[in-house]
Amino acid sequence: MADATIQLSALTGIWRPVYAHRLALHATADTVVLAAWRKDTHGISLGPAVAAWRQAVGESTDTQRQHRRQAAAAAVLVVLAARSWRRTRRALATAAQRAHRAGWAAGHHLVTQDHDDDTPYDTPGSQYVLGAPDMPDDTADATATAVLTAALKTTANRAGRAMADSTNDPQQDAEDALEAGLDLALAADVAVSAAYGAGMLAAYLADADAAVQWLTAGDERVCETCLSNEAAGPYSLLGAPTLPAHPRCRCCLAPA
Ligand SMILES: [Zn+2]
């Protein structure tokens, strides 16, 4: 049976190996995706974006700040959308597939082991069937594309803001914001959590478990959405809210 709320600050029993795996998973994905992003953004020039932006807003100073930022973001997005982001896309897809397997292993462990048991466990091998540990390649690619598309948009907004608000060198400030990859770190987090949650559900499906509970991390940082997800459970396997409720969500779906 699931115990309500996990208590991340004082993990006991089965939650110890489960969250150790999960933290390592997120850390690795973060590193790998950001490394790919740095390679993909290397040598990128936002000069054309600055030129397009200047043409769109003109040199007049009475233009609304919000309008100037939006025009800059749109100009940056044109440059970003023209690139393939091959490495970043690949890194996100791989991170999602790893996370799916990790989620499956955690879910399988939660179903089959006593919850007081804190011994480590491995991730098994398998094939692409319903309830299997592996996320199919096309699902991983679709996940990577969706997450990347959203992240490019927020990155364009961030770089556009840096460009429009720059007091010195709009191009350099925008390129710095681009290369920092803050939105990609969040994107990696979301991709990993979503795949992890899907992997958990696949494990429960494979074990024919009927219901799941949404468990929060049990500290003061838990948000209202996650608290109400926990309060509204247990759920049927297909009726449960999907992880993550938001970026950096630490919640978990456990057998109810
Ligand atoms: Zn949460």
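Quick notes
- Rounded tilt (10° steps) of 170-180 against the dominant C-alpha axis of the chain: 10 degrees
- In degrees, nearest ten, helix 65-81 long axis to first principal axis of the chain (Cα): 70 degrees
- Amide hydrogen neighbours beyond the local backbone of Ile14, cut-off 5 Å, H modeled: Asp116, Asp117
- Karplus (6.51, -1.76, 1.60) ³J(HN,Hα), θ = phi - 60°, over region 27-44, in Hz, Gly and Pro reported as x: 5, 5, 4, 4, 5, 5, 5, 5, 5, 5, 4, 4, 5, 5, 8, 4, x, 5
- Ser84 paired with Ser236, simple spin-label distance in nm, labels 7 Å along Cα-to-beta-carbon: 4.4 nm
- Probing with 1.4 Å while keeping every protein chain in the model, the per residue accessible area of region 120-213 equals 43 Å².
- When Leu23, Leu80 are compared by accessible area at a 1.4 angstrom probe, the order from most to least is Leu23, Leu80.
- Mean Cα-pair separation over length for region 27-156, i.e. relative contact order, pairs under 8 Å, 6 or more apart, %: 30 percent
- Mean separation of Cα contacts under 8 Å, 6 or more apart, over the residue count of region 168-256: relative contact order %: 38 percent
- Contour minus Cα-Cα distance for Ala74 and His246 (0.36 nm per residue): 59.4 nm
- Principal-axis tilt of helix 86-112 within the chain, Cα atoms, nearest 10 degrees: 20 degrees
- Lys/Arg +1, Asp/Glu -1 at C-beta; region 170-211 dipole; positive extreme among Leu205, Ala177, Ser193: Leu205
- Relative contact order of the chain: 28 percent, from C-alpha pairs under 8 Å at least 6 residues apart in sequence.
- Counting only protein heavy atoms and using a 1.4 Å probe, the accessible area of His42 comes to about 150 Å².
- Radius of gyration, Dmax [the chain; alpha carbons; angstrom]: 21.2, 69
- Apportionment of accessible area to carbon and sulfur, region 97-255, percent (1.4 Å): 52 percent
- Ranked order, Val190, Val212 - accessible area, probe 1.4 Å, largest first: Val190, Val212
- About its Cα centre, region 71-120 has a charge dipole of approximately 840 debye under the convention of +1 per Lys or Arg Cβ and -1 per Asp or Glu Cβ, with nothing else charged.
- Modelled label positions at Gln66 and Thr112, each set 7 Å beyond Cα in the direction of Cβ, lie 5.6 nm from each other.
The values are calculated or read from the model by the stated rules, or taken from the named source; none is laboratory data. For clarity, every value in this text was computed on a predicted model and none was experimentally measured. Note: ideal-geometry Cβ built from the backbone for every residue, glycine included; neighbour counts use all protein chains shown. Remember, those area values only see protein heavy atoms, side chains included, never the ligands or the DNA or RNA. Shrake-Rupley method; radii C 1.70, N 1.55, O 1.52, S 1.80 Å.
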